[in-house]
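Some notes on the structure that comes next.
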Amino acid sequence: MLYYIPRMNNVYRKIKLFGESLADQKISAFTLSERFYSPFFQTPSHSHEKSLFCFVIKGSYTETYGNRSINCSPSDFLFHASDFPHAEQYHRNGGHSFIVEVEADWLKSIREQIDFPTFSVDFKCGTLPELGAKLYREFRNFDSLSSLIIEGVMMEIAGETARTISFKEKHSPLWLKRIETLLLERYAESFSLTELAEFARVHPIHLAQTFRKFHNITIGQFVRKLRLENAKNQLLKTRNTCTEIAASNGFSDQSHFTRLFKTHFGITPHQFRQNNS
């Protein structure tokens, strides 16, 4: 397997899998690998060429996605979506993990049948860590039936992953609430979808889809509405000029602000202030 590591211009270059390979096996659409990581081993920010599952056997490490970090310990089970940047910092005892890379065609066929995540996610309890352990035991005690069993367990893992994510997101997920809070507090600033996704530790596509699902508008429309509502309040409560109000609310210039304000409220900022003075 290869990793993508960003160069200075954010173009990713390919390098080999991190850590020391202890054993590996190719089975159908899966490449299974047992890997060792030395104490305090640290990876740069990188993303995967292929999506993968990781079962932590021994040791511990900190996984960082943008501004968010989680601690991974034995029996944790993780899914890493391809092209989702992250980095690891192993602790005093190093690490020992079991990794299953999945071919893109297999994952595509799964997503045609179930709502499988397009973002990275971790599971610390429940059925999925148990299935990860079962997969690892089969890998270590390989026999003539192991290939069939491993393929079956991978199907179970795919289904259970989709079910767990679906259950969690019947209500607004906590990461979405963090995004909402960030936008409410810093709506005048400019954020890319990728930056917001890294903050929430989800895939940009999943962020966009989930935000629209709960708000019925895009993130950009949500931010624009916040800016316009705040600008309207400033027109009522301050004597700031339209140019000053436009700049303080993140609009590129006064003409841009005026055009959007009229589209949203049906009246120009100047007319609104005159009518309410």
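Given [x] 1.11; [y] 1.07; [z] 0.98 as candidate values of Rg/Rh (Cα atoms, Kirkwood Rh), which corresponds to the one derived from the coordinates?
Comparing each candidate, only [x] matches the computed number.
Once you keep just the Cα pairs under 8 angstrom separated by 6 or more residues, what percentage relative contact order results for segment 175-277?
22
Which value, in Å² and to the nearest 10, is the accessible area of D24 when all protein chains are kept and the probe is 1.4 Å?
Estimated to the nearest 10 Å², D24 gives 100 Å².
When a/c reaches 1.5 or more, the comparison of a/b and b/c decides; with that in mind, is segment 170-277 rounded, prolate or oblate per its Cα gyration tensor?
Verdict is prolate for segment 170-277.
Express the accessible area of the chain per residue in Å², computed with a 1.4 Å probe while the remaining protein chains stay in the model.
53
Dipole size in debye (nearest 20) for the chain around its Cα centre, Lys and Arg Cβ +1, Asp and Glu Cβ -1?
Dipole of the chain, to the nearest 20 debye: 1300 debye.
Using the charge dipole of the chain (Lys, Arg: +1 at Cβ; Asp, Glu: -1 at Cβ; taken about the Cα centre), state which of Q42, A133, I219 has its Cα farthest towards the positive end.
The one lying farthest along the dipole's positive direction is I219.
With labels modelled as points extended 7 Å from the Cα through the Cβ direction, what inter-label distance (nm, one decimal) is found for K124 paired with K108?
My value for the distance between the label points is 3.7 nm.
Under the 0.36 nm per residue contour assumption, what length would be gained going from the current alpha-carbon distance of A23 and I149 to full extension?
Stretched out fully, the A23 to I149 stretch lengthens by 43.5 nm.
For segment 92-136, what are Rg and Dmax over the alpha carbons, in angstrom?
Looking at segment 92-136, its Cα Rg and Dmax stand at 13.3, 42 Å.
Roughly speaking, what is the centre-to-centre gap between segment 131-181 and segment 191-255 when only Cα atoms are used, to the nearest Å?
So the separation of the two Cα centres works out to 36 Å.
Put a dot 7 Å past each Cα toward the Cβ at T243 and T181; how far apart are the dots in nm?
Label-label distance for T181 and T243, simple model: 3.8 nm.
Sum up the charges of everything whose Cβ sits under 13 Å from the Cβ of Y37, counting Lys and Arg as +1 and Asp and Glu as -1, but leave Y37 out. Each step should come with its number before you reach the end.
Details: positive: R35, K58, R92; negative: E20, E34, E63, E88.
Combined, the nearby Lys, Arg, Asp and Glu give -1.
The values are calculated or read from the model by the stated rules, or taken from the named source; none is laboratory data. Everything numeric here is computed off the predicted structure, so don't read it as measured data. Here the Cβ is made from the backbone with ideal geometry for all residues, glycine too, and neighbour counts use every protein chain on show. Ligands, DNA and RNA are excluded from the accessible area calculation, which covers all protein heavy atoms including side chains. Shrake-Rupley method; radii C 1.70, N 1.55, O 1.52, S 1.80 Å.
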